[in-house]
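Working notes for the structure below.
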Amino acid sequence: MSPPTPSDRSATAIRAARGARVAVALLVLAALLTSTLTAVRDGSLAQHLSFFTNQSNLAFALLLLAGAVLSRRRRPPWWDDLRGAAAFYLVMTGIIYALLVAPLDELLRWDIGWTGIVLHRLAPVAALLDWLLTPRLRTPSARRVLAWLAYPIVYLVATWVRGAVTGWYPYTFLDPTASSWPQVLATTGMVLVAFLLFAALVHLAEGRLRRQEVPAGSLERSPG
């Protein structure tokens, strides 16, 4: 039997990468479905859908599945920018949950339910690793950092408007009734600065664990 050729190894790597992405996507979707069914049972579906965590995880899972189906040649030019946005949102989901949302004694515990582990810990790590390990196809524009901030800002404004109407806020640090508007605005300002900083870091980190640029003629040979 002849040894595997570089093309054979490349094809195996492609299949392994796609399989891993599909597995992670299905796990995230299963966690989202389980938590959504619980919210429906408890009569809190609208609140459940308002959490940034759930929205960012859904976007990540759908992008993983779409990326497993679409070959690199069929992906639009802005595909990597969209992937980067999802990775950025999930990284911030994990950080903000750990620093501002979760109780201090929860950070070192694993008895928080499998959906919480998947959505708050596994998915952010998986999104970052996928972003670091996938070689980029082109040199990206730094302007995408500002584009990535558009959705969190819209989410923030929509949360405050909805909260003013309903009296419910998805996160305590965004709730002026739990503290005060000056405190909320100060915390939000720090969060937005952190968002900008980490957006820049995610932008620069693209494909850093696979530094090579992918030539246009070898798109189908590169894992992705």
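Data table
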| quantity | calculated |
| --- | --- |
| Average accessible surface area per residue within the chain, 1.4 Å rolling probe, Å² | 55 |
| The chain - percent of accessible surface contributed by carbon and sulfur, probe 1.4 Å | 70 |
| The chain, relative contact order in percent, only Cα pairs under 8 angstrom and at least six apart counted | 31 |
| Per residue, the convex hull volume that the Cα atoms of segment 33-123 enclose (Å³) | 115 |
| Percent of C-alpha pairs per 5 Å bin, the chain, short to long | 1, 6, 13, 17, 18, 16, 12, 8, 5, 3, 1, 1, 0, 0, 0 |
| Residue among 169, 11, 33 farthest towards the positive dipole end of the chain, charges placed on Cβ | 11 |
| Calculated diffusion of segment 122-196, Stokes-Einstein form, Kirkwood radius summed over Cα pairs, 20 °C and 1.002 mPa s, µm²/s | 145 |
| Mean Cα-pair separation over length for segment 86-198, i.e. relative contact order, pairs under 8 Å, 6 or more apart, % | 28 |
| Rounded, prolate or oblate (a/c below 1.5 giving rounded, otherwise prolate when a/b exceeds b/c) for segment 20-61 by Cα gyration tensor | oblate |
| Using alpha carbons only: equivalent-ellipsoid semi-axes of segment 81-140, gyration tensor based, whole Å | 27, 11, 8 |
| Given charges at beta-carbon only (K, R positive; D, E negative), |dipole| of the chain in Debye | 980 |
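The values are calculated or read from the model by the stated rules, or taken from the named source; none is laboratory data. In this text, all values refer to a predicted model and were calculated from it rather than measured experimentally. Note: ideal-geometry Cβ built from the backbone for every residue, glycine included; neighbour counts use all protein chains shown. Each accessible area value is taken on the protein alone, full model and side chains, heavy atoms only, with ligands, DNA and RNA left out. Shrake-Rupley method; radii C 1.70, N 1.55, O 1.52, S 1.80 Å.
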